[in-house]
Amino acid sequence: MPQLRAKKLSAEIANGRLAMMAIIGMFFQDGLTGSAWGDWANYTDSPLRAFEEETGVQPPVGFWDPLGLSASGNVYDFKRRREVELKHGRVAMFATIGYILPEYWRFPGYLSKYLDIKFSDVPNGLSALSKVPAFGWLQIVGFAGIIEVQVYNEQVNDEPGNYGAGFLGLRSVGIMNTGFQDPEVRKKKLNAELANGRLAMFAIIGMFFQDGLTGSAWGDWANYAASPLRAFEEELGVQAPVGFWDPVGYTRDGSAETFKRRRETELKHGRVAMYATVGYIVPEYFK
């Protein structure tokens with residue numbers, strides 16, 4: 001029965017993908033703790049322990065550093081990276097709002113009276129870049145430079161992201177005077193800022209990708225009929241909610257032969273990973 005066969009094969013692909021992620025996680029835990037089922041709580045020698053109580057370490061992931069950027073245990077490096085993360089998160093939150101707001105409301109009047117550019121003339125998304133004149137770019141860069149030099153120039157209390165400027169973020173001296181004196185409330189608010197910043201970084205990248213692919217910040221994928229990715233939307237393994245997912249663009253050439261070769265490779269790797277995952281689990285209970 002074709003429908004049942006397609007369902008079973010889709011399940012195999014999905015299970016294989018899950019198994020590939022699972023076995024990599026098992027290898028990582030084994031290498032880190034010395035045991036396939038090593039208890040992280042007992043691994044007290046890890047330099048990552050130094051940062052487990054830091055703001056931004058939240059369940060269910062906990063302290064997540066897959067590239068080992070904090071493996072040295074250097075507090076200065078950790079705080080510098082946290083500061084960079086906070087800056088990027090704040091910019092991404094502003095950028096995400098900047099993508100959404102013009103779809104519903106725009107400032108009245110002129111963006112530049114001299115150049116006869118109205119706010120309503122500026123398209124939303126990446127195409128708006130073409131409307132910004134050279135002097136406008138100079139103003140943007142100049143403003144960013146002033147903020148960097150005058151505001152983001154010195155940490156307060158040696159706390160990443162704390163520049164004593166409450167209007168640019170929660171992580172500031174100002175929040176101590178606005179009802180956040182309670183350490184638990186303060187930590188909750190700062191964790192929320194970090195979490196929202198991380199989400200915004202993913203959101204703005206997704207918006208850029210969709211804008212570049214469809215030509216619109218809110219482009220409707222259903223109308224983008226010219227994409228070579230359409231050739232593979234009905235293939236096995238294309239499942240909700242992600243659909244056909246090819247962020248690196250391996251199939252952009254639309255070659256069916258190349259697609260099938262990669263699908264065959266994925267299936268082989270998935271099958272090996274499923275056996276390997278079972279091989280990790282069974283010896284814990286039976287030999």
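Brief remarks follow.
- Accessible area per residue, Å², region 75-219 with all protein chains present, probe 1.4 Å: 65 Å²
- Y99 exposes around 20 Å² of accessible area when a 1.4 Å probe is run over every protein chain in place.
- A probe of 1.4 angstrom, applied to the heavy atoms of all protein chains, finds M21 with accessible area near 140 square angstrom.
- Heavy-atom accessible area with a 1.4 Å probe sorts Y285, Y250, Y152, largest first, into Y285, Y250, Y152.
- When R261, R5, R17 are compared by accessible area of protein heavy atoms, the largest-first order is R5, R261, R17, using a 1.4 Å probe.
- Computed accessible area, W137, all protein chains, 1.4 angstrom probe, square angstrom: 100 Å²
- FRET efficiency for the pair R262 and Y104, taken as 1/(1 + (r/R0)^6) with r the Cβ-Cβ distance and R0 = 41 Å, rounds to 0.50.
- Solvent-accessible surface of protein heavy atoms, probed at 1.4 angstrom with all chains present, puts L194, L138, L115 in the order L138, L115, L194, largest first.
- Exceedance of the 30 Å cut-off in Cα-Cα distance is limited, within the set K8/K260; K79/K188; K118/K189; K87/K188, to K118/K189.
The values are calculated or read from the model by the stated rules, or taken from the named source; none is laboratory data. Note that the structure is predicted; figures quoted are calculated from it, not measured. Cβ: placed from backbone, ideal geometry, glycine included. Neighbour counts: every protein chain shown. Keep in mind that these areas ignore ligands, DNA and RNA; they rest on the heavy atoms of the full protein, side chains included. Shrake-Rupley method; radii C 1.70, N 1.55, O 1.52, S 1.80 Å.
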